[in-house]
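Visitor: One structure follows; several queries about it will come next.
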Amino acid sequence: MKVALLGMLQSGKSTIFASLSGKAIPPIGSTNIEEAIVAVPDERFDWLTGCYKPKKTTHATIDCLDVPGFNFSEEHGRAAARRLMNQIRTVDMFVLVVRAFENPAVPPYRNIINPARDLADLKTELLLTDLELVATRIERLEKQIHKPTKTQARDKAELSLYKKLQQTIESEKPISSAILTDSERDMIKSLGFLTFKPMAIAVNVGENQLEAKFDFSEHVDTSVPVVTICAKLEFELSQLDADSRAEFMTDLGLTESAISKFVGGCYLAMDLISFLTVASNEIRAWPIKKGTIAHDAAAKVHTDIKRGFIRAETFSFDDLKELGSEKALKAAGKIRLEGKGYVVKDGDVINFRFNV
Ligand SMILES: Nc1nc2c(ncn2[C@@H]2O[C@H](COP(=O)(O)OP(=O)(O)O)[C@@H](O)[C@H]2O)c(=O)[nH]1
Ligand SMILES: [Mg+2]
């Protein structure tokens, strides 16, 4: 999964990126998109490692992009932002970073710290970028449909879809709200519309705002996950060894790391859960969309396993933790043999039986 961090200049994207990735903070004013692979923390791993003593553990990962900050207050900045937005059409989702922290050394965007306004501005710009693309498609298709080509029927259907999308954007709604069927989805998916992508919001708060709550329901759907992160603090924490970090977090009253909040927001936005495979050689987490059936989950591990699928031997991590061992699970009848159509749950530990 590829995630891009988007936000106004100096909202703290690079500081968040560095605390997630363990890399140095990309310099202020950099015009490059930086990339890092972030391991998805999984608290189940510690316990499973103790239980199975595997040779290796493989975390799920998120490919994270730090995109230079936007400045829509002047022409040059708008052009730069538009170029960047067109470069990130292939990512799976966005995390919009908005600034709430006070810092006299860092001038606020448009002179006032206002996370809701920044979010509204970002949303508008994403919509405008999509509108340009929609308008270009409409212009092309309007010429095209008069030609008696093989694709004429399809072109007409596309044109009417793009006209609907144009209206959607003009009423300030994201494209995702207007795509209702699989065939509509298929028609537009290769274009990478920005407002068709899932998103989460990360509010970058100051050290004195760790408990603050934010309501963005005026600007985005209430299903959009919102996490609060103090980027500066998290970066300092990321520089410590695990023991000192735990100690400092307790002192500060922080119960969850920035990575875990960030990943939680991304998984929620993307509708992802994970199942686990355990063996003496490897423990591994596999992200899948909620609702995935066992037959498709098998293909994540290997296409051969899907092809030769017999049964998914399944138990839940919570049951294992409660009862202590697979042997105890077996005695309690907690190991199930599930068929292809079984809907996999978060925390299922699966051993696929297959035959090729
Ligand atoms: N006080 C405070 N300063 C921050 C925080 N996050 C970022 N900054 C400062 O804000 C400036 C911009 O941060 P940066 O991560 O480069 O922002 P970007 O432009 O969005 O990548 C830097 O000087 C940071 O040290 C924060 O949570 N608290
Ligand atoms: Mg930056």
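Visitor: Among the residues of the stretch 61-83 satisfying the criterion of being in a helix (DSSP H, G or I) and within 16 Å of ligand 1 (Cβ to nearest atom), which is surrounded by the most Cβ atoms within 10 Å (Cβ to Cβ)?
Guide: 81
Visitor: Looking only at the stretch 84-101, which residues are surrounded by 15 or more Cβ atoms within 10 Å (Cβ to Cβ), within 16 Å of ligand 2 (Cβ to nearest atom) and closer than 22 Å to residue 128 by Cβ?
Guide: 84, 85, 88, 94, 95, 96, 97, 98, 99
Visitor: Could you identify the single residue in 59, 146 that is without any contact (Cβ under 8 Å) to a residue 12 or more places away in the chain and away from ligand 2 (no atom under 16 Å from the Cβ)?
Guide: Only one candidate qualifies: 146.
Visitor: For the structure I just gave you, tell me whether residue 184 is more than 21 Å from the chain's Cα centre (by Cα), under 29 Å from residue 161 (Cα atoms) and part of a helix (DSSP H, G or I).
Guide: yes
Visitor: Further, regarding this structure: Given the criteria modelled with pLDDT of 95 or more, among the hydrophobic types (A, V, I, L, M, F, W, C), within 30 Å of residue 301 (Cα to Cα) and part of a loop (DSSP other than H, G, I, E, B), does residue 38 qualify?
Guide: no
Visitor: Give just the number: which of (1) modelled with pLDDT of 95 or more; (2) of a type in the set (S, T, N, Q); (3) surrounded by fewer than 20 Cβ atoms within 10 Å (Cβ to Cβ) does residue 190 not satisfy?
Guide: (1)
Visitor: Right, something else. For the stretch 9-24, what are the residues that are under 25 Å from residue 112 (Cβ atoms) and part of a loop (DSSP other than H, G, I, E, B)?
Guide: Across the stretch 9-24, the qualifying residues are 9, 10, 11, 12.
For (1) surrounded by 18 or more Cβ atoms within 10 Å (Cβ to Cβ); (2) over 23 Å from residue 198 (Cβ atoms); (3) more than 10 Å from ligand 1 (Cβ to nearest atom), each residue gets a yes or a no:
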position: 5; (1), (2), (3): yes, no, no
position: 11; (1), (2), (3): yes, no, no
position: 17; (1), (2), (3): yes, no, no
position: 24; (1), (2), (3): no, yes, yes
position: 31; (1), (2), (3): no, yes, yes
position: 47; (1), (2), (3): no, yes, yes
position: 50; (1), (2), (3): no, yes, yes
position: 56; (1), (2), (3): no, yes, yes
position: 59; (1), (2), (3): no, no, yes
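The values are calculated or read from the model by the stated rules, or taken from the named source; none is laboratory data. Predicted model, so just to flag it, every value in this text is computed and none were measured. Glycine also receives a Cβ, built like all others from the backbone with ideal geometry; neighbour counts cover every protein chain displayed.
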